[in-house]
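Take a look at the structure set out below.
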Amino acid sequence: MECARAGLRVGVVEPRVPGGAASAAGMGHVVVMDDSPAQLALSRYGRELWQKMRAALPDSVEYEQRGTLWVAADGEEMQEVYAKQATYTSIGVSSQVLDEKALAQAEPELRKGLAGGLLVPEDAVVYPPAAARYFLDEAIALGAKLIRGVRPVEAAKGIVRLQDGSALSAGSIVIATGVDTSLVPWITVQPRKGHLVITDRYPGFVHHQLVELGYLKSAHKLTADSVAFNVQPRQTGQLLIGSSRQYGDAEHDVDNKILKQMIDRACEYMPRIRDLSAIRVWTGFRAATPNKLPLIGPTPDPTVFLAMGFEGLGITNSPAAARLLADHLLQRESAIDRDPFLPAHVFRGESAHA
Amino acid sequence: MSSQHWDVLIVGAGPAGMAAAAAASQGGHRVAVLDENPAAGGQIWRRGWNDDEHKPDAARQAQTGKFVASGATLFHGRRVVAALAQGVLETWNDAENVGERFAYDKLILATGARERFLPFPGWTLPGVFGAGGLQALVRNGYDVRGKRVAVAGTGPLLMAIAAHLQEDGAKVLSICEQAPLSQLVSFATALLKRPGKILQGLSLRSSLRGVAYRTGSWPVAAYGAGQLEKVEFTDGKRRWEVDCDLLACGFHLVPNIELPALLGCALEDGCVRVDALQRTSVEHVFCAGEPTGVAGVDAALLQGEAAGLMAIGLTAQAQKLSARVASERGFGAAMEKAFRLRTEVLQMAAKDTIVCRCEDVCYGDLKALADGQNTWTDAKLQKRCGMGPCQGRVCGPAVEALFGWKNASVRPPIFPLPISALSSEPQLRTDSNSAALQEIQ
Amino acid sequence: MPEKRKEVLVQVNGMPVTVPAGAMVSAALLQSNAPCRSSVTGQPRTALCGMGICFECRAVIDGVAHRRTCQIPCREGMVVETMQ
Ligand SMILES: Cc1cc2nc3c(=O)[nH]c(=O)nc-3n(C[C@H](O)[C@H](O)[C@H](O)COP(=O)(O)OP(=O)(O)OC[C@H]3O[C@@H](n4cnc5c(N)ncnc54)[C@H](O)[C@@H]3O)c2cc1C
Ligand SMILES: Cc1cc2nc3c(=O)[nH]c(=O)nc-3n(C[C@H](O)[C@H](O)[C@H](O)COP(=O)(O)OP(=O)(O)OC[C@H]3O[C@@H](n4cnc5c(N)ncnc54)[C@H](O)[C@@H]3O)c2cc1C
Ligand code: FES
C-alpha cells in the first residue's frame, strides 16, 4: 500500500491466502515494546501510524484502543513497572502506574494479591487478516496487481521466476515472505512457534490487553521454550489466550505439554477463565532473526529488498516497516533511524555471492 | 489423567457402532463404545423420554438386545474431542465436565451423519428446526402436541420424521420434497428389489394418511415476528403459503468425518475412504456406517458387523458380508442420486440471509467473495464464516453446496471445550470403570 | 398409558417450568417459548439440530454461559437463562 501510494507500479505475488500465514495466527496487539532501543523506536512509530490510519480503517479491522496492562505479580516486578514507565516517558509514550487496588478495579477477574501494573492507554488491538486484506485492497484500488495462486521460486536481478515457469520483471523486488526464506536462503530466520486459544464470546470479562511483566523475561530467552500470561479481549467479546514460544518445532500440531503450561499460567492469573468455553486452538510461527530485529531494506542484489523477520511484533510494526521500505526505494529520509534494521547486519559471510 | 486400555474401541453407538460392538465382542475381546448421547441408539434409535408410549420398533429391539448381550461396555455422555499420539482418544463429558482417555489396539469409527442445512430467508427464526433436529428435540422432551408442523427439504428421512411427529401428537400439514417426482420414481423402481424397505415405507405412509407429500417443491421464505407464523413454498411455477407453528427442514445428510479426518483417514468426495472390508487408510482404524457414505440403517448395520469382525481378525467372516455391503452401498448411491439438490434450492438465500449462524455472516458477503478468486479460508479470515463454535459444521456443507468451497482443516479439539479441559488439572474422572453403564433403555 | 410420569422443575428466565424427567434443557426453553440466545447481531435463536452440532441452543445454565442445552438433562432446581 505504501509503495502504491507513493505512485509506484506494484505487483503482489501471493501463492496462498493473503493475510493467511503468520498474520492469521497472531494476536494483533499493537504494542510499544521496550526490549531494545531500536525495537522501541520502531514499535512506537508503528503504533503512531496505526493511530493515524484509524479513521480510514474498515470495521472489519476491529481497531480498538484498549490499552495494554502490564501486570506485576510481586514487589520485584513492581520495580520493573517504574523502570518501564521511565523508558516510555523518555520517548513520549504515556503510561500510568496502577497499585494493587487500582489493578483489581481495572480488571476484576485477575486474581487477588497481584502487586499492580502499568497501563499504556494508547496501545491497541486489530484483527490482522482483515488489516492485511485492507492494505492489499487499498493498493489494488491504486492500481496494484494481485497475482495469486502461484509460488515464486527465485527472485534476483530484477526477475521473479514463478513455479509455473513464467517470470515477472521489476525494478525492485520486496521479499516479505514471513518465515519463508526460500527466496533468500542466505538469511537465517528461525520459526518460533506459538500457541493460541480463542474462547466464545464473553463481553466485559476482560477490558485491556493483559500481559504479565515476566513476559519480556520469558519471551526473550533465546533458546528455552517459554509461556507467559497474555489475554486479549477482542471486539467480538472473545478472548485470545496466549502465549507460548518454542524453537525447533516446525510442526503445526498443537504441543499438548506447552499448551497445558500456557493455560495453567492463564488460570493462575485469572482463575475463572477455567470455566470459559474454548472454541479453537491453533499454532503459528513467528519469524525470529538472530539480532531480534526485523530485516528492512536493501540486500547486495540492488533489485532485492527485504521486509521480514518480524518475530512477535509484525502487526504493530507493519505500517512502520512499509514506510521505511518505501523510504529506501524512493531514497527518502525516514522518521526514525533505519540502520538497525538493515539486512547487512545479519548477512552471513558467503551471502554477497549468493 | 485416567487412561484405560481396550482391545477394540468404537466411537458412536448408532446402528453401525452397536453392530460392530456385538461382532467384536465374540471370543472374549474387551470392547468399549463411546457415544456423546445419554444412551445407545444413534440418530435413528435416539432414546425418547416417552418411548414406552410408542409401539416398539422390532429392529431396534433386536439390535439393542444383541448389543446388551455382547457384554461390550458403553461409555455414554462422552464426546471424543481429540486424538493423542499412539492410539489414545480423549473424551469430554459435557453434562458433568469431566475428561477421560481411552487407549485402543483397534479403533472403529461409527460417527454417523448430521443434517445438511441450506439457507433461505427466515430459516433462523425461532420455530424453524432441522427435520431430524425437531425429531431429536421432541425425543429430548419438547412437547409438540397440537402444533401445526410443515416438513420440508429433501431425503427419505422427511417421511419418517413426519410420521414420528404425527405419532407424538403434532399435526403435520404437508411435506415439501425438493426432488422432482421423476427422479423419485426411478429410485422407487430400484427399491422394488428390496421388499423390506418397501414395507418400512408402507408403514410410514399409513401414519401419514391425509398429509400432502409434494415433490418438486421447496421453501421460499419463513415469516413471523420473532416466532414462525407461516412458510411460503414454491414448485417453481406457483407459490403458496402454509400457516404453521413449526417448520422441520433438512436437506438430506452429510457424514461426520471430523474425527476420521483428525486421525488422518483419507477422504474421498467428503466421505471416509474404506476398502470392501471397512479398512481406512490408517492402520488399525476401521470405519462403518454413514461416514463412509450415507446409505441408511441397513448399510450401517452390515458395515458395523464387518468392521467388528475385521477388528478381531475374523477376515473370512467379514468377507462373507462384502456382497451385501456393496449392494447396500449401491442403494445409498441411488438414494443420493434421487435426492440430489436442484439448482433452485441453491438459490433460495437472499443477500441478507444468514449463512453462518454462529457469526451471522450473510449470503451477499460470501457471494461477493466467491465471485473473486477466493477460498473458504478467505471467507473465514475476512468474514468469520465458520469461525464460531460449531466450527463450520452447519455452514460448511452449505457453502460447499452453494460455492463449491471445501473445508480444508480439522484441528483438535474437534468440539469446543471449557478452558479447564486444556489445563493440566482438568476435572478428570479417575474411576472411569465405575461410571461405565450399560444403560440402554 | 403408564402411571403419571416423574417431572422436574427448573427455572427459565426466572419463571418455573415443568418438564418430564429425562428431558433436556432445550425442552424447557422451547416449552417456555424463550429463545436460547441472542445472536451476534441480536436476533433471537432457538435449537436447530437437536444433536449437539449447531450450537444454536446455547444458554446460561446455573451461571455458566454457552452451554448446549440440547445435550444437558434437566435437573431439579436448575436455573436457566437466555444468553444475551
Ligand atoms: C502466536 C503469535 C502471536 C502474535 N502476536 C502478535 C501481536 O500481538 N502483535 C504483533 O504485532 N505481532 C504478533 N505476532 C507476529 C505477527 O503476527 C507477525 O510478525 C506478522 O503477521 C508477520 O507478517 P508478515 O507479513 O511478515 O508474514 P506472514 O503473515 O507470514 O505473511 C507472509 C506471506 O508470504 C507468503 N509467502 C511465503 N512464501 C512465499 C514465496 N516463496 N513467495 C511469495 N510469497 C510467499 C505467505 O503465503 C504469506 O502470505 C504474533 C505471531 C504469532 C505466531
Ligand atoms: C438427525 C437425524 C435423524 C435421523 N432420523 C432417522 C429416522 O428417523 N429414521 C431413519 O431411518 N434414519 C434416520 N436417520 C438416518 C440414520 O442415522 C442412518 O440411516 C443410520 O441409522 C446411521 O447409523 P450410524 O450408526 O452410521 O450413525 P448414527 O446413528 O448417526 O450414530 C452415530 C453416533 O455416533 C455419535 N458420535 C458422533 N461423533 C461422535 C464423537 N466425536 N464422540 C462421541 N460420539 C460421537 C453420535 O452422537 C451418534 O450417536 C437420521 C439421521 C440424522 C442425522
Ligand atoms: S440444537 Fe444444535 S447444538 Fe443444541
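Every read-out reported here was derived from the displayed coordinates using simple, explicitly stated rules and does not represent laboratory data. Every value quoted in this text rests on a predicted model; they were computed, and no experiment measured them. Note: ideal-geometry Cβ built from the backbone for every residue, glycine included; neighbour counts use all protein chains shown.
Summary of computed values
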item: Mean Cα-pair separation over length for chain B, i.e. relative contact order, pairs under 8 Å, 6 or more apart, %; result: 21
item: Unsatisfied cross-links (Cα-Cα over 29 Å) in the set B:Lys66/B:Lys406; A:Lys84/B:Lys380; A:Lys84/A:Lys193; result: B:Lys66/B:Lys406; A:Lys84/B:Lys380
item: Karplus (6.51, -1.76, 1.60) ³J(HN,Hα), θ = phi - 60°, over segment C:51-61, in Hz, Gly and Pro reported as x; result: 10, x, 10, 8, 6, 6, 8, 4, 8, 8, 10
item: C-alpha center-to-center spacing [segment B:55-80, segment B:230-269] in angstrom; result: 28
item: Cα-projected label distance for B:Lys171 with B:Arg209, points at 7 Å along beta-carbon direction, nm; result: 1.9
item: DSSP-defined antiparallel bridges as percent of all bridges, the protein assembly as shown, nearest 5; result: 65
item: DSSP-defined antiparallel bridges as percent of all bridges, segment B:1-123, nearest 5; result: 40
item: Shielding by other protein chains, C:36-46, mean Cβ within 10 Å; result: 5
item: Nearest-0.05 FRET efficiency for A:Tyr82 and A:Gln105, computed from C-beta distance (R0 22 Å); result: 0.65
item: Proximal charge balance of A:Gly113 [Cβ under 13 Å; K/R count +1, D/E count -1]; result: -2
item: Convex hull volume per residue in cubic angstrom - Cα atoms of chain B; result: 145
item: Distance-filtered residues of segment A:1-35 - backbone nitrogen under 13 Å, label point 7 angstrom along A:Lys52 Cα→Cβ; result: A:2, A:6
item: Rg and Dmax of chain A, Cα atoms only, in Å; result: 20.3, 64
item: Footprinting exposure proxy for A:Tyr247, A:Tyr45, A:Tyr127 (fewest neighbouring C-beta atoms within 10 Å first); result: A:Tyr247, A:Tyr45, A:Tyr127
item: Inter-label distance for B:Gln86 and C:Leu9, nm, one decimal - labels placed 7 Å from Cα along Cα-to-Cβ; result: 5.4
item: Residue order, fewest to most surrounding Cβ atoms within 10 angstrom, among A:Trp282, B:Trp218; result: A:Trp282, B:Trp218
item: Two-site FRET efficiency, A:Ala250 against C:Asp62, from Cβ-Cβ distance with R₀ of 45 Å, rounded to 0.05; result: 0.55
item: For A:Val10, net neighbour charge (Lys/Arg +1, Asp/Glu -1) across residues whose Cβ lies under 10 Å away; result: +2
item: Long-range amide H partners of A:Val304 with built H, under 5 Å; result: A:Ile173, A:Thr299
item: Ellipsoid semi-axes in whole angstrom, largest first, where each is sqrt(5λ) of the Cα gyration tensor of the protein assembly as shown; result: 51, 30, 28
item: Set of segment B:282-306 residues, backbone N closer than 13 Å to the point 7 Å along the Cα-Cβ line of B:Gln317; result: B:305-306
item: Estimated distance in nm for a label pair at A:Asp74 and B:Gln227, the labels positioned 7 Å out from Cα along Cα-to-Cβ; result: 6.0
item: Tilt relative to chain A, helix A:314-330 - C-alpha long axis, 0 to 90 degrees, to 10; result: 30
item: Relative packing of peptides A:168-177, B:244-253 - highest average C-beta neighbours within 10 Å first; result: B:244-253, A:168-177
item: Over segment A:208-309, equivalent-ellipsoid semi-axes from the Cα gyration tensor in Å; result: 31, 16, 14
item: Average partner coverage of C:21-30, which counts Cβ from other chains inside 10 Å; result: 6
item: CD proxy at 222 nm, helix term only [per DSSP H run n ≥ 4: -39500 (n - 2.57); per residue of the protein assembly as shown; nearest 500]; result: -8500 deg cm²/dmol
item: Those trypsin sites (Lys or Arg not before Pro) in segment B:286-367 that DSSP places in a loop and that have at most 14 other beta carbons within 10 Å; result: B:Arg340, B:Lys351
item: R0 of 60 Å, Cβ-Cβ distance A:Lys157-A:Glu268: FRET efficiency to nearest 0.05; result: 0.65
item: Estimated Rh, segment A:246-352: Kirkwood, alpha-carbon pairs, angstrom; result: 16.9
item: Set of segment B:148-180 residues, backbone N closer than 20 Å to the point 7 Å along the Cα-Cβ line of B:Arg340; result: B:153-157, B:177-180
